[in-house]
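Each value in this text was obtained by applying a stated rule to the coordinates, not by laboratory testing. Small disclaimer: the values here were computed from a predicted structure and weren't measured. Here the Cβ is made from the backbone with ideal geometry for all residues, glycine too, and neighbour counts use every protein chain on show.
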Amino acid sequence: MLTSSTQTWLRPDPATSDIEITPMASGDLDAVIDIENRSSPAPWSGQLFLEDLTRKWAHVDLARVALDGSSLVVVGFANYWLVHDEVHLLNLATHPNHRRRGIGTRLMDHLVDVATGNDCRLITLEVRRANEGAQALYRSHGFEAVGMRSRYYSDGEDALVMTLDLNARAAVAVR
Ligand SMILES: CC(C)(COP(=O)(O)OP(=O)(O)OC[C@H]1O[C@@H](n2cnc3c(N)ncnc32)[C@H](O)[C@@H]1OP(=O)(O)O)[C@@H](O)C(=O)NCCC(=O)NCCS
């Protein structure tokens, strides 16, 4: 079986239906950590992901694709907490070899589906102020910047707070 670090490139423009979203299991840890280490300036430890597998309100959902007709390989993940009527997105990443092919979009579509399916009114997240790519992805899903957390990250970078108001979104959809 291919590991995340030996993946070949996806064929161009995979249909989003080719991307499967399934919950993480402990056996997926190496693939998730590989993507995390390649994606974050301050990567989370494996222990943090494993702890979230034990919390009822925490979710780590994986995007998997079949590369070259082989078994499904993890190419991205979304880590979020679902508490009362809010979803908080803690972490989102796509393996660098597979970016700009719709995987982040598919994970965000899934997050919105989970939130609406659980009658949530809000999705919130923090994103690095300089991370324009992720901000563009979030804006394309209707998120708006609502504030700033000064020196939020361990290296001193500010965080932009972004939210998606699902009630407002639903009201627009029925107009
Ligand atoms: C942010 C991230 C998850 C996006 O994943 P992805 O699979 O490449 O996302 P998609 O292919 O679905 O991109 C959808 C849209 O988002 C925007 N976007 C994504 N990455 C972008 C970038 N680097 N620069 C500008 N816009 C970007 C574009 O509008 C893109 O549409 P397009 O490709 O048609 O122009 C990925 O770049 C990543 O893992 N980054 C490192 C980790 C990170 O920053 N996570 C966010 C933490 S808050």
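Brief remarks follow.
- Computed about the Cα centre, the dipole magnitude for region 4-174 is approximately 300 debye when only Lys and Arg (+1) and Asp and Glu (-1) carry charge, each at its Cβ.
- Taking one quarter of the surface of the convex hull spanned by the alpha-carbon atoms of the chain gives a direction-averaged projected area of 10.5 nm².
- Once exposed loop chymotrypsin sites (Phe, Trp or Tyr not before Pro) are cut out (DSSP; at most 13 other Cβ, 10 Å), longest piece of the chain: 58-175
- Between the Cα long axis of helix 29-39 and the first principal axis of the chain there is an angle of about 70°, rounded to the nearest 10.
- Against the main long axis of the alpha-carbon atoms of the chain, helix 103-117 sits at an angle near 50°.
- Expressed as a fraction of 2.2 N^0.38 Å, the value expected for a compact globular protein of N residues, the C-alpha radius of gyration of region 110-175 is 1.22.
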